[in-house]
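K.L.:
Following this message is one structure expressed as structure tokens.
The values are calculated or read from the model by the stated rules, or taken from the named source; none is laboratory data. For clarity, every value in this text was computed on a predicted model and none was experimentally measured. We place every Cβ from the backbone using ideal geometry, glycine too, and count neighbours over all the protein chains shown. Accessible surface is based on the protein model in full, side chains and every heavy atom, while ligands, DNA and RNA are left aside. Shrake-Rupley method; radii C 1.70, N 1.55, O 1.52, S 1.80 Å.
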Amino acid sequence: MISSLVGAVIMSAATVSMLVALNISNNALNKVGKNPITEQEKEILLNAGFTSGDFDLVNQDIEILNFE
């Protein structure tokens, strides 16, 4: 009786830890590629003819991207 109770507790703990791991990995994958532009990228954009005011627009477009 006690061993089945201990087994049920262990099984519940394993299930909860698996769900937490899945949640963490899903959150990490949702944030992939959505970093704001770096200084080097800003320099590239300036050389390509963009103005410094366009950086906010580019960052907004990056936030809108959906990788699913």
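K.L.:
For the chain, report the accessible area per residue in Å² (1.4 Å probe, heavy atoms, rounded to an integer).
P.N.:
85
K.L.:
Continuing with the same structure: Select from the chain those chymotrypsin sites (Phe, Trp or Tyr not before Pro) which occupy a DSSP coil region and have at most 11 other Cβ atoms within 10 Å, ordered by residue number. Could you put the intermediate results ahead of the total?
P.N.:
Values: sites: F50, F55, F67; in loops: F50, F67.
Loop-located and lightly packed - F67.
K.L.:
How much of the accessible area of the chain, probe 1.4 Å, is carbon plus sulfur, in whole percent?
P.N.:
64
K.L.:
Between L29 and I10, what is the spin-label point distance in nm, taking each point 7 Å from the Cα along the Cα→C-beta axis?
P.N.:
For L29 paired with I10, the spin-label model returns 3.0 nm.
K.L.:
Provide the per-residue ³J(HN,Hα) series for the stretch 12-18, in order, calculated from phi with Karplus coefficients 6.51, -1.76, 1.60 and θ = phi - 60°, each as a whole number of Hz, with x at glycine and proline positions.
P.N.:
Listing the rounded values in order: 5, 5, 5, 5, 5, 5, 5 Hz.
K.L.:
Let me ask something else. Where the Cα atoms of the chain are projected onto their three principal axes, how long is each span, largest first, in whole Å?
P.N.:
74, 19, 15
K.L.:
With every protein chain left in place, what is the accessible area of T51 in Å² (1.4 Å probe, nearest 10)?
P.N.:
80
K.L.:
So, taking all protein chains as they sit and a 1.4 Å probe, how much accessible area belongs to S52, in Å² rounded to tens?
P.N.:
Rounded to the nearest 10, the figure is 80 Å².
K.L.:
Working with all protein chains in place, sort I37, I44 by solvent-accessible area computed with a 1.4 Å probe, largest first.
P.N.:
I44, I37
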